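Beneath this line is the structure, given in structure tokens, with notes to follow.
The values are calculated or read from the model by the stated rules, or taken from the named source; none is laboratory data. This is a predicted model, so every value here is computed, not measured. We place every Cβ from the backbone using ideal geometry, glycine too, and count neighbours over all the protein chains shown. These area figures cover heavy atoms from the full protein model, side chains too; ligands, DNA and RNA do not enter into them. Shrake-Rupley method; radii C 1.70, N 1.55, O 1.52, S 1.80 Å.
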Amino acid sequence: MFLRIDHIGIACRDLEEQISLFSDTFDLTVVAREVNEEQGVKEAMLHISDGEGGGSYIQLLEPLTEDSPVGKFLAKRGEGVHHVAFGVQDVTDAMGKISERGVRLLDERPRHGSMDSRIAFLHPKDVGGMLTELVQAARR
Ligand code: CMX
Ligand code: CO
């Protein structure tokens, strides 16, 4: 079902500071920036490599508000890994299969993600405590 790790989402308080840290330390380049009002985040994608069906990235996330998912996560747990996203061929198909296997979907239908991808989240409590995202990358 999974083609690759699409990205690791990392929650931070200051996006610009975190971009500098990651790009200076690991020689990573920012390939996309976005404000996603629906998800309540300001984000940056730092490219690592290209793989089957899309690339692999670090996704840095700064919350737009304190009561957004990332805002609440920061208040509770502080900065750090927030979610892991896996690349899939067809997000709707993967959601159907995973839901049939008893894992709660946080999204009824796919939403808009970074770089015109289509995404859906799975409940962390049903996946070993790891907030999990499915990503169908945009066709290039
Ligand atoms: N990883 C692991 N567990 C998490 C978590 C995370 N990122 N966020 C919350 N949880 C756990 C909490 O620890 C909590 O557990 P306890 O009850 O044992 O304390 C439980 O889930 C409920 O957490 P909460 O703080 O009460 O938060 P909510 O229930 O309001 O929301 C969640 C949790 C996962 C449903 C919500 O964060 C969500 O819908 N996330 C998906 C959307 C998202 O995160 N978007 C931002 C990223 C955008 C992008 O990738 O582009
Ligand atoms: Co993500």
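Put +1 on the Cβ of every Lys and Arg and -1 on every Asp and Glu Cβ in the chain; which of 57, 45, 94 then has its Cα farthest towards the positive end of the dipole?
The one lying farthest along the dipole's positive direction is 94.
Give me the lysines in straight-line cross-link reach of residue 97: C-alpha distance below 16 Å, same-chain residues under 8 apart excluded.
Counting by Cα, and skipping residues close in sequence, residue 97 has no lysines nearby.
Suppose every Lys and Arg Cβ carries +1 and every Asp and Glu Cβ carries -1, with no other charges. What dipole size does region 39-140 come out with about its Cα centre, to the nearest 20 debye?
On the way: 13 positive and 15 negative charges, 35 e Å.
Dipole magnitude for region 39-140 comes out near 160 debye.
Might you tell me the accessible area per residue for the chain, computed with a 1.4 Å probe and given in Å²?
Details: 7890 Å² over 140 residues.
Value returned for the chain: 56 Å² of accessible area per residue.
Using helices alone, I'd like the mean residue ellipticity at 222 nm for the chain: each DSSP H run of four-plus residues gives -39500 (n - 2.57), total over residue count, nearest 500. Don't jump to the answer; show the numbers that get you there.
Working: 3 runs with 31 residues, N = 140.
About -6500 deg cm²/dmol.
Restricting to Cα atoms and excluding each atom paired with itself, what does the Kirkwood estimate give for region 26-105 in Å?
Working: mean 1/r = 0.0682 Å⁻¹.
With all distinct Cα pairs of region 26-105 included, I get 14.7 Å.
Multiply the residue separation of residue 33 and residue 64 by 0.36 nm, subtract the distance between their alpha-carbon atoms, and state the gained length in nm to one decimal.
Details: separation 31, 0.36 × 31 = 11.16 nm, distance 1.41 nm.
Going from the current span to full extension adds 9.8 nm.
How large is the Kirkwood hydrodynamic radius of the chain, counting all unique pairs of alpha carbons, in Å?
Working: mean 1/r = 0.0657 Å⁻¹.
When all Cα pairs of the chain are included, the Kirkwood radius is 15.2 Å.
Per-residue HN-Hα couplings for region 23-28, Karplus 6.51 cos²θ - 1.76 cosθ + 1.60 at θ = phi - 60°, whole Hz, x for Gly and Pro?
Karplus values, whole Hz, x for Gly and Pro: 6, 6, 6, 10, 6, 9.
Pairs of alpha-carbon atoms within less than 8 angstrom and 6+ residues apart define the contacts here; what relative contact order does region 2-136 have, in percent? Show your work: numbers first, answer last.
Values: 287 pairs, mean separation 34.7, N = 135.
About 26 percent, as a whole number.
Regarding region 94-140, what whole-number volume in Å³ per residue does the convex hull of its Cα atoms give? Could you put the intermediate results ahead of the total?
Details: hull volume 3.3 nm³, N = 47.
Given the Cα convex hull of region 94-140, per-residue volume reads 70 Å³.
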